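Written out below as structure tokens is the structure these notes cover.
The values are calculated or read from the model by the stated rules, or taken from the named source; none is laboratory data. Remember, predicted model here, so these are calculated numbers, not experimental data. Neighbour counts run over all protein chains shown; Cβ positions are idealised from the backbone, glycine included. Surface accessibility is based on the protein's heavy atoms, side chains included, excluding ligands, DNA and RNA. Shrake-Rupley method; radii C 1.70, N 1.55, O 1.52, S 1.80 Å.
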Amino acid sequence: MAVLRTVAGEIASVVAHAVRYPAGIGRRWSVRPGGAAPVRPLVVLPGLADNTAVFTDLKLALERCGAGPVVSFSYSLLLRDVRSAAARLAEQVEQLCEVTGATRVDLVGHSLGGLIARYYVQRLGGHRRAGTVVTVGTPHGGTVAAWLFSPLPLARQLRPGSDLVAELNQPAPGCGTKFVTFSSDGDEVVLPSRHGRIEHQDLDVRNVVLPGVGHLALAAHRRVVDEICALFRPLGAPGDGEPLSRSA
């Protein structure tokens, strides 16, 4: 029964996402110069071949709790290298800070987006800008599913034991960014599921494992959304200090 619930939940998420996906094509959430500087912008990074539609529920919840502004980072469907995407993210974060006057940002990445955010923080000095990085369904240890797309350069980086995974396992002294990961044993993309967690002696990490939730469903799961809002809700905002949802 648990497996059937997982499958049914993921099918429902795929259908809902398919309906929303066209509205997210070519669309970016951004901020404009002027006005009061935000406390801290929140940058969201969708997964490969995805767009901002995957964060629809999260964005609405973040706006309700006063977090953000929420802005998006996008990359080409033809992406060949996580490192180059992370370098572009570094440039855009600097531009964002210049436009808004903010000195710090936070990052939320789904799937590959979380890996790009982590590489930026660990390997490109992003820890100086990023206060907290949240990853959802991200293959931190690689995924055996990448072997299905072996000819693609990006797929080779996503295999367990790849040079990219080895680089992220290298020491990261002085990295004060906090990491929170959300993963599930029901994720059909991140295999084995333990690779959705960060295991690194130099990083401040909280790994949250939800049972029986599919890859797309994780991004809109009630507990994931609630906990992300709790992380980024400004002090004194409505709902601050309320208990987190315990729904599974």
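What the table shows:
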| quantity | calculated |
| --- | --- |
| Test: residue in segment 174-190 that is at pLDDT 95 or above, among the aliphatic types (A, V, I, L, M), in contact with a Pro (Cβ under 7 Å, 6 or more places away or on another chain) and on the phi < 0 side of the Ramachandran plot | yes |
| Count - residues of segment 67-78 that are buried (at least 17 other Cβ atoms within 10 Å of the Cβ) and out of contact with any helix residue (DSSP H, G or I) (no Cβ under 7 Å at 6 or more places or on another chain) | 2 |
| Filter result (part of a helix (DSSP H, G or I) and either open to solvent by 70 Å² or more (accessible area, probe 1.4 Å) or at pLDDT below 95 (or both)) within segment 192-214 | 194 |
| Qualifying residue in segment 163-175 (condition: open to solvent by 30 Å² or more (accessible area, probe 1.4 Å) and touching a Ser or Thr at 6+ places or on another chain (Cβ under 7 Å)) | no |
| Cβ pairs under 8 Å, 6+ apart, first in segment 118-133 and within 15 Å of residue 91 (Cβ to Cβ) and at pLDDT below 95, second buried (at least 23 other Cβ atoms within 10 Å of the Cβ) and not aliphatic (A, V, I, L, M) | none |
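Residues are listed down the side, and each one gets a yes or a no for (1) closer than 16 Å to residue 135 by Cα; (2) buried (at least 18 other Cβ atoms within 10 Å of the Cβ); (3) modelled with pLDDT of 85 or more; (4) within 17 Å of the chain's Cα centre (by Cα):
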| residue | (1), (2), (3), (4) |
| --- | --- |
| 21 | no, no, no, no |
| 25 | no, no, no, no |
| 44 | yes, yes, yes, yes |
| 53 | no, yes, yes, yes |
| 61 | no, yes, yes, yes |
| 65 | no, yes, yes, no |
| 80 | no, no, yes, no |
| 83 | no, no, yes, yes |
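To keep it simple, each residue is scored yes or no on (1) over 15 Å from the mean Cα position of the chain (by Cα); (2) closer than 27 Å to residue 69 by Cβ; (3) open to solvent by less than 10 Å² (accessible area, probe 1.4 Å).
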site: 99; (1), (2), (3): yes, yes, no
site: 104; (1), (2), (3): yes, yes, no
site: 107; (1), (2), (3): no, yes, yes
site: 121; (1), (2), (3): no, yes, yes
site: 125; (1), (2), (3): yes, yes, no
site: 135; (1), (2), (3): no, yes, yes
site: 148; (1), (2), (3): yes, no, no
site: 152; (1), (2), (3): yes, no, no
